[in-house]
Amino acid sequence: MAVSPYFAPGVLTRSMGRGGCWPGRSRDRGFRLGRNLNRLAQPGPDNSDETDGTAVESQSVLKCARKHKRKSVSNSQQVGLEAQAAEAKVEWEPERWSEHLNNIREMRKDRNAPVDHMGAEHCFDKTAAPEVMRYQVLLSLMLSSQTKDHVTFAAMKQLREHGLTVENILKMDDTILGQLIHPVGFWRSKVRYIKQTTAILKERYGSDIPNTVSELLQLPGVGPKMAHLIMKLAWDHVSGICVDTHVHRITNRLQWLGKETKTPEKTRLALEEWMPRELWSETNWLLVGFGQQICLPVNPRCSGCLNRDICPAAKNNHGKTNRRLSPNSPQQPCQ
């Protein structure tokens, strides 16, 4: 009988008793394999058939061990790569964003933009009952969509003069409501949304408004930007960054996002990935006023911007002029 030179008679190696590759029977199989090899090493009749079978079994155990070792290394590498990717995602932040923000704060210190005296927080009656005040906040933001601040402010003033409460709006004729809110953008659709939303508030919330973003988004005519601003103004809770067209435009110009975004909601999600939460509250009013006065949608006034030397958009637009304006016009960009 041929005896393997790697095994001494009567010796059970440690690997033979170690847990193997098949859960539930690995230990028994390891001991059985070691016992068979030791018995075959003893002088006795020819056990060549058993030796061949045991050798095959031994090879399969070794193959399985190597396979599991390779899989373990592969899994470890995968976990390491995922951890590195997550760490990189958390640590990313825009270049010089803190300088940008401090400069915008300096430019906004006078608080003389339209949003500062005709924005949503100036459109409701602060002396009204809490539930009435919250309802007025909701309506002012519903009217503000696609509408300039001074138009929204005037419409809310007329509504308040007619008694802006849930009960009064439900009793009001659609034609009169339309006349009061005209000329806000899409005023016909907003008449319908206001009536539908007011009826829901009366039936489900006792003439108050929801106190969660998810419930606010279920109301007709309420979008994500409105919902987060309502949470801030009506419930004094910062649930997210309020991103309107100004915030969306300016943050893309400043490259505050990992990549260019196409919608305000994608901009909000990208900002919230890196921006410290304590800055979420002031971001909207800072950038809205900045966008109304300096960082205009067309012909931004880069010459009067403190960020003109560190803003990617200002560098790209430097020296360009608007041919429709005189060369000395203050509306010429980046002079």
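Computed from backbone phi, the HN-Hα couplings of the stretch 264-281 come to x, 5, 5, 5, 4, 4, 5, 5, 5, 5, 10, 6, x, 4, 5, 9, 4, 5 Hz, rounded to whole numbers (Karplus: 6.51 cos²θ - 1.76 cosθ + 1.60, θ = phi - 60°; Gly and Pro given as x). By the Stokes-Einstein formula, at 1.002 mPa s and 20 °C, the stretch 226-308 with its Kirkwood radius over alpha-carbon pairs has D equal to 162 µm²/s.
Rank R249, R96, R188 by accessible area, highest first, at a 1.4 Å probe radius? Let's see the in-between values first.
Values: R249 35, R96 120, R188 165 Å².
Solvent-accessible surface, decreasing: R188, R96, R249.
The fraction of accessible area contributed by carbon and sulfur in the stretch 183-231 is 53 percent, rounded to a whole number (1.4 Å probe; ligands and nucleic acids excluded).
For the stretch 145-216, the C-alpha radius of gyration sits at 1.11 times the compact-globule guess of 2.2 N^0.38 Å, with N the residue count.
Keeping all protein chains in place and using 1.4 angstrom, which order do H182, H228 fall into by accessible surface area, from largest down? Please report the intermediate quantities before stating the final value.
Details: H182 95, H228 15 Å².
From most exposed to least exposed: H182, H228.
Working note: Karplus 6.51/-1.76/1.60 with θ = phi - 60° gives the stretch 209-226 the couplings 10, x, 10, 9, 5, 4, 6, 5, 5, 7, 7, x, x, 10, x, x, 4, 4 Hz, where Gly and Pro are set to x.
Listed values for the stretch 254-260 are Karplus-derived 3J(HN,Hα) couplings in whole Hz (6.51 cos²θ - 1.76 cosθ + 1.60, θ = phi - 60°), namely 7, 6, 7, 10, x, 8, 4, and x replaces Gly and Pro. Averaged per residue, the stretch 96-221 has 51 square angstrom of accessible surface, using a 1.4 angstrom probe with ligands and nucleic acids left out. The simple Förster model, with R0 at 41 Å and r as the Cβ-Cβ distance, assigns Q218 and S98 a FRET efficiency of 0.65.
With a sphere of radius 14 Å drawn around the Cβ of N252, what net charge do the other residues whose Cβ falls strictly inside it have (Lys, Arg +1; Asp, Glu -1)?
Details: positive: R249, R253, K259, K262, K266, R268; negative: D244, E260, E265.
My count for the surroundings of N252 gives +3.
The values are calculated or read from the model by the stated rules, or taken from the named source; none is laboratory data. Since we're looking at a predicted model, the values are computed, not measured. Quick reminder, even Gly has a Cβ in these numbers, built from the backbone with ideal geometry, and neighbours come from all protein chains shown. Ligands, DNA and RNA are stripped out before the accessible areas are found, and what is left, the full protein with its side chains, is counted by its heavy atoms. Shrake-Rupley method; radii C 1.70, N 1.55, O 1.52, S 1.80 Å.
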